[in-house]
Amino acid sequence: MQNRRAYPRYSLQHDALIVAKGFSPASCGVLNICAGGMCLADIDSSGLSRHLADSPGVQVEVHVFIRNQQGEQHITVLANVRRVLGNIAGIEFAEKQPKLLESLVQEKDSQSDSNILYTTKSKRNKLKTWFGDASRRFITPLLEQVRQGAVQNIDQQLVDSINLHASSELKYGKACLTAQQEEFNRHFIEQWERNLNTLDARAGDADGVNLSDLQVVDKGQFEDWLELQMAVSRIGKACHNELFMLDQFLSQIYAREVDDRGNPVAPVVLGQALHSALSQLQIPESARAGIYAAFEKTLSSGYKARLHDMVDVFQTHGLHALPLETIRTNWSDSDPAKENIQAGGPKQPASAGGVGEGNNAAALKVGRKVGNVLHLVQLHRNSGSTPQKPGFVDEGSNGELMELSKVVRSVQSELLKALSSPQQTLSSAVQQSSFFRDMDNASVRQEDWDIVELVDKIFAPVSQRKIPSELQGVINQLRIPLVNLLLKDQSFLEENKHPARTVLNHFMSLVSADRVSSKNLEKLLKQVVDELAEAGEISPDMLRSVALRLEELVRRQEKAFNRNAERIAKTHEGKQRLQEARRMIARRINTLFAGHQVPQVLLDLLDAGWEHAMVLAYLKEGGDSETVADYYAVLEQFFNWLDPECDSDGVSFERELESAALLDMVEREMAVSPDSAKARLVVKELRRIFIDEIEPRYVQVEHYPLEPYEEEPQEAIDTAGIDERWQERAHQLQPGEWLEVRLQDGSKQRMRLVWVGENAFKFVFLNPQGLHEVHYDYSDLLKGLQDGHILRVEEGEVPFVDSSLYGIVEELYQKMAFQAVHDPLTGCMNRHEIEKQLEVSISRAKLTASESALLVMDIDRFDLINSTYGSAIGDRMLCDFRDCIDHWLQDLPQQELKIGRTGSNEFALVIESCIREQALDLADRILRKFAAHKFETELQTYSSTLSIGVVLVNDDTIDAGSMLVVGTRCCKEAKRLGGNQIRLHTPEDEGLLKQQQVERWLARIDHGIDKCNLYLRAQRIQPMEDSGLPYYEILLGVQDDKGKQTSPEPFILAAEKYKKNVIVDTWVVSQVVDWMRANPVSLEKISGFTVNLSGHSLSDNQFMEFLEQQFRQGGFPAAKICFEVTETAAVLNLNYTADFMREIKRSGCHFALDDFGTGFSSYAYLQKLPVDFLKIDGVFVRDINENMTNYAMVKSISELSRFLGMATIAECVEDQAGLDALSEIGVEYVQGFYIEKPVLLSDL
């Protein structure tokens, strides 16, 4: 085979040192070398190895020591890491090194034994032993010198002391050192030996006072700790270079990273041992100062020389270390190789981009109908939140504008070579290509560069899959044909069945499967990549041809997976049938033996194989077969003949007549017993009993079998607290269905059900490849379904392209959503968002009877700060306030804290799982710390105080809006009383009138929903296309006792608070269905109705049965009903919501997700909810024509919905300008007073 390397390589074994920025030198070995680079192995620093693997192209320095006739030559070379596998790294020299190559090869040839150039394991072990002995020889005299010096220092302290208590402690300390000398030495050496034996790299030990303990030690302990640390620091600084080199040598001989915290003779470790010994002897803190001074003085005299001697010994034995002065300080953050390639070109990291406005109208029109992830990328880029793009990306450049497709074609072989490294990206490969080195003024279009970045994003998840290393480079090279395709045709992003998607999905399916060897697959896939890359123009026919070739392999692979699944299912089925057969046979034998004296020989007969024969017959022919009956009849005959209570002459006559023939038959049957030797003994014993008339031995049998069979234990079925809905779902599961399971590490995996045990008490799942089993017992499955850890899904593993595009869309959408619902100055949630989060807390409190708290905080005299120091200082205080809250409450889980800015200098803090006493304690903590905090600028220091209102959230809470109002009032009351204080809300303080209204409505609901004077209204949801028919949203109306319309809010709050929502929802649905049945002609003129459902109805099994019954009765088109569920309710009960939607949609109706577009909106949960419409939260729509952040948010939701195949509805449209903006974005439906005010349902 032809050698394709640029330079010949030479194998050898030679010690070297490798250094990277921020890491100490690590030893390694040179395995081979050429003029352009070398391969390094056995890098003894795992941290450095990980850094090199995670930082492709990082700059390193390699030090090689070469012996020749003139002595030892130290050569240093600068290089860049190109490939890392474990602790092996391939590096490329920044400049060719022919002299280094020549010197190493000559040195190797001149040695009779090449191993002399490589530090052997035996040498390292000898050096370990020497170092331990030398260290112990150093410790013993050190302790005596420290002790003597400490006694002298304490004597001097006693002379100077004028305090009686201090003198007593000093005398006690001196007595401990003199009288307990052996104990002092023993405690010190025990602690020190632990460090020597383990080379523990931690900064402290259990006996010492660590930095992490400072918050719980008193002042005396702290000062004691600080004094020791200062002494240790001074000693270490004086011997820094010697310790630095010694650490390197210890790292080499112990093959682990060692620094001053793990070096047994370093001042830090010696200081820890000293502190431990003093603590064990309980020497007072006042006496320790003299001891620490003696410790520092002793080490300052001969310590440095002793360290130098140790370094000399290691060097004498051929080890090498680098002094501090030789360590490079001017590291380059860029790759010199990249700089050479990019000469004259920009070196900034590429930015993520999207399609520019230059796209033609046809493309935009298609994008609006189908959805294109590039539109979201563009939107995100235009928001200014992407990294800086490369300088050659055109934005009005005067340079030559090149087509990127031609650039890629011109350096394609170069790019393929670069991408053979799995860590390489397409954007970096293009930037490093020779094209931009030779064409200084060339530039490419932003739109084209967006596609390059998008291709890298599509392939990013590949690194998270377990793919054989030999296949990773092949997959990475697929970026070339994909970018060539996208630069010409973007339909790949829009068409789910695009042949290029099929090719890429087949690729990932093949490489992700577990297999014994990947050589043949690698060869085949490499051919496909080369074929696609060399084709230039990739036609649909070519893609379909490649897809068919790969499809055959995928089909074979799936067959293998299915066969394995069938084998596993048959194995479990066989085990279950075997257990059932054994139980049934044992039960039959038990009816014969139980409560009787049974001959031992019959028990031996069963054990020797007779029972086994009965079980096999049961499995083959069934329990009612003649064979099973015959086996049992023989056993029964023997039992009757040997019954000690039976003395009948007839039985004896029958036994003499038939026993010989029966014994012959038993002997024939037992000849094929699994234990033939044991069977022969049993038959022999039976002949002795029946022929020789030997009296058998009897055993009292109360139950058969005497001992339980070894089989899987039967699970105790526990359904306590489990909703009947999930028990029903578990029994509905059939082999072949898919579920998404949350694993113990938090990751999610789709699993296929392959086997369900008897009575559905055991379930066996396989991963999508059909290789790894996961078992669930009935109780565990039920709990997983109810908790949402297990979800039923419609399909197996999501195809790679879909999954990758989903990830891109979710990432971009979340960034846009965060900007839209957070205050741009402080980063806190805005008022609308914190109100939504508070609504979630209220809903959770109603469901789980838990408590939370709301703190409304106002900065006192903030106007004075603004007027005195300026608005910039005021803004600085607002920003710092958020950071201070995070810091002061860092002991609380961050997911339980939500902070929002609700006014100029007013903040709201929602704290989950917080009772009254905790809320007041936290409020007091914030109050005190804020008052003590100094806000500093370059010119002055200033401070202020807080006024805090506290409101508790529980199942009696009415709604979020009322809570914020109450919290603000409490806060203002605290401010009115002088500020710097807390005001706790009590139920009697506020909302008494509203509470009374709520309770009156509750009484009316209890007397019957028909007595509540309810009526229905309908508001038009207008399609943006003139040809479409409108939907109508059903709205609840309420009349007072005089028949006048009144606000439905108290009624709705009463229904929610006292969980009467289901009654209301049932009434509304009944009214709507009745109208539809009675007005078929009017119904033809509209698309349908949207009906709001509460969160309680989603988890109510009776309500689900009511809906299913309505659909079964018919008389109206189910497709013209769309149920609306709020985003809050969906997130809070995701598993119930998903199950409810999936079951009800079987009837043909639709679902909409209301109030969509908040910080807790998640693309991940959208994938689990089969919704048809997204209703955009009105807060983003009202000022869309003036607020560009809201405009971008609505546009991103619109693009997201198209990507998911959903339609969008914008509510709260109030003017023509807003309508025009929504039309420009491409929203499908609009709703609001500007479109049409609500009308009575009866008037439609």
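The values are calculated or read from the model by the stated rules, or taken from the named source; none is laboratory data. What you see is a predicted model, and the numbers here were worked out from it, not measured in a lab. All Cβ positions, even for glycine, are placed from backbone atoms using ideal geometry, and neighbour counts span all protein chains on display.
In the stretch 1134-1143 there is at least one residue that is among the basic types (Lys, Arg) and within 30 Å of residue 812 (Cα to Cα).
Go through 1006, 989 for me and flag whichever is surrounded by fewer than 15 Cβ atoms within 10 Å (Cβ to Cβ), closer than 23 Å to residue 922 by Cα and modelled with pLDDT under 75.
So the residue among 1006, 989 that is surrounded by fewer than 15 Cβ atoms within 10 Å (Cβ to Cβ), closer than 23 Å to residue 922 by Cα and modelled with pLDDT under 75 is 989.
Does the stretch 40-55 include one or more residues that are in contact (Cβ under 8 Å) with a residue 60 or more places away in the chain and part of a strand (DSSP E or B)? No - not one qualifying residue is present in the stretch 40-55. Reported count of residues in the stretch 428-452, each being out of contact with any strand residue (DSSP E or B) (no Cβ under 9 Å at 6 or more places or on another chain), surrounded by fewer than 22 Cβ atoms within 10 Å (Cβ to Cβ) and part of a helix (DSSP H, G or I), is 4. If you check 574, 609 for being assigned to a helix (DSSP H, G or I) and either touching a strand residue (DSSP E or B) at 6+ places or on another chain (Cβ under 9 Å) or exposed (fewer than 15 other Cβ atoms within 10 Å of the Cβ) (or both), only one passes: 574. Would you check if there is a residue in the stretch 752-761 being under 21 Å from the mean Cα position of the chain (by Cα), without any contact (Cβ under 8 Å) to a residue 24 or more places away in the chain and either in a loop (DSSP other than H, G, I, E, B) or surrounded by fewer than 20 Cβ atoms within 10 Å (Cβ to Cβ) (or both)? The answer is no, given that none of the residues of the stretch 752-761 is under 21 Å from the mean Cα position of the chain (by Cα), without any contact (Cβ under 8 Å) to a residue 24 or more places away in the chain and either in a loop (DSSP other than H, G, I, E, B) or surrounded by fewer than 20 Cβ atoms within 10 Å (Cβ to Cβ) (or both). Among the numbered conditions (1) under 29 Å from residue 1232 (Cβ atoms); (2) modelled with pLDDT of 90 or more; (3) in contact with a strand residue (DSSP E or B) (Cβ under 6 Å, 6 or more places away or on another chain); (4) not acidic (Asp, Glu), the only one that residue 1024 does not meet is (3).
Applying the criterion of being among the β-branched types (Val, Ile, Thr) and under 41 Å from the mean Cα position of the chain (by Cα) to the residues of the stretch 233-268, the residue that is farthest from residue 319 (Cα to Cα) is 268.
Is at least one residue of the stretch 478-491 of a type in the set (S, T, N, Q), under 28 Å from residue 53 (Cα atoms) and in the same structural domain as residue 431 (by TED's automatic domain parsing)? Before you say what the answer is, go through the steps one by one.
As a first pass, look at the stretch 478-491 and keep what is of a type in the set (S, T, N, Q): 484, 490-491.
Next, only the ones that are under 28 Å from residue 53 (Cα atoms) stay: none.
Within the stretch 478-491 (the criterion being of a type in the set (S, T, N, Q), under 28 Å from residue 53 (Cα atoms) and in the same structural domain as residue 431 (by TED's automatic domain parsing)), the answer is no, since none of the residues qualifies.
Sort through 825, 838 and tell me the only one that's outside any helix (DSSP H, G or I) and more than 30 Å from residue 455 (Cα to Cα).
Working: 838 fails: outside any helix (DSSP H, G or I).
The unique qualifying residue is 825.
The condition of being small (Gly, Ala, Ser) and at pLDDT 85 or above holds for only one of 513, 533, 547, that being 547.
For the stretch 1028-1072, filtered to residues that are β-branched (Val, Ile, Thr) and at pLDDT 85 or above, the residue that is farthest from residue 1129 (Cα to Cα) is 1072.
Any residue that is crowded, with 20+ Cβ neighbours inside 10 Å and either of a type in the set (S, T, N, Q) or assigned to a loop (DSSP other than H, G, I, E, B) (or both) - is there at least one of those in the stretch 890-900? Outline the logic, then answer.
Restricting attention to the stretch 890-900, the residues satisfying the condition of being crowded, with 20+ Cβ neighbours inside 10 Å are 898-900.
Imposing the further condition that a residue be either of a type in the set (S, T, N, Q) or assigned to a loop (DSSP other than H, G, I, E, B) (or both) reduces the set to none.
Looking through the stretch 890-900, none of the residues is crowded, with 20+ Cβ neighbours inside 10 Å and either of a type in the set (S, T, N, Q) or assigned to a loop (DSSP other than H, G, I, E, B) (or both).
Here residue 545 meets the list (1) assigned by TED's automatic domain parsing to the domain that holds residue 501; (2) farther than 30 Å from residue 763 by Cα; (3) buried (at least 17 other Cβ atoms within 10 Å of the Cβ) almost entirely, failing just condition (3). The set of residues in the stretch 767-800 being farther than 24 Å from residue 728 by Cβ, over 21 Å from the mean Cα position of the chain (by Cα) and either among the aliphatic types (A, V, I, L, M) or in the same structural domain as residue 1191 (by TED's automatic domain parsing) (or both) consists of 771 alone. Tallying residues that are under 24 Å from residue 464 (Cβ atoms), in a strand (DSSP E or B) and of a type in the set (Val, Ile, Thr) within the stretch 56-109 yields 3.
Let's see how each residue does on (1) buried (at least 20 other Cβ atoms within 10 Å of the Cβ); (2) more than 22 Å from residue 886 (Cβ to Cβ); (3) aromatic (Phe, Trp, Tyr); (4) touching a residue at least 40 places away in the same chain (Cβ under 8 Å):
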| position | (1), (2), (3), (4) |
| --- | --- |
| 811 | no, yes, no, no |
| 815 | no, no, no, yes |
| 818 | no, no, yes, yes |
| 838 | yes, no, no, yes |
| 853 | yes, no, no, yes |
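On the stretch given as the stretch 1177-1219, residues that are under 30 Å from residue 495 (Cβ atoms) and in a loop (DSSP other than H, G, I, E, B) total 2. Taking the stretch 907-932 as the range and being surrounded by fewer than 18 Cβ atoms within 10 Å (Cβ to Cβ) and assigned to a loop (DSSP other than H, G, I, E, B) as the test, the residues that pass are 913, 915.
Here residue 1172 passes the criteria (1) in contact with a helix residue (DSSP H, G or I) (Cβ under 6 Å, 6 or more places away or on another chain); (2) surrounded by fewer than 22 Cβ atoms within 10 Å (Cβ to Cβ); (3) at pLDDT 80 or above except the one numbered (1). Contact map, the stretch 1096-1117: residues that are not assigned by TED's automatic domain parsing to the domain that holds residue 1150 paired with residues that are surrounded by 18 or more Cβ atoms within 10 Å (Cβ to Cβ) and at pLDDT 90 or above, Cβ distance under 9 Å, separation 6+ or inter-chain. No pairs are found. The single residue among 633, 594, 660 that is in contact with an Asp or Glu (Cβ under 7 Å, 6 or more places away or on another chain) and either free of Cβ contacts under 8 Å to residues at least 60 places away in the same chain or on the phi < 0 side of the Ramachandran plot (or both) turns out to be 594.
Among the residues of the stretch 1059-1095, the ones that are surrounded by fewer than 19 Cβ atoms within 10 Å (Cβ to Cβ), among the charged types (D, E, K, R) and over 16 Å from residue 1032 (Cβ atoms) come to 2 in all.
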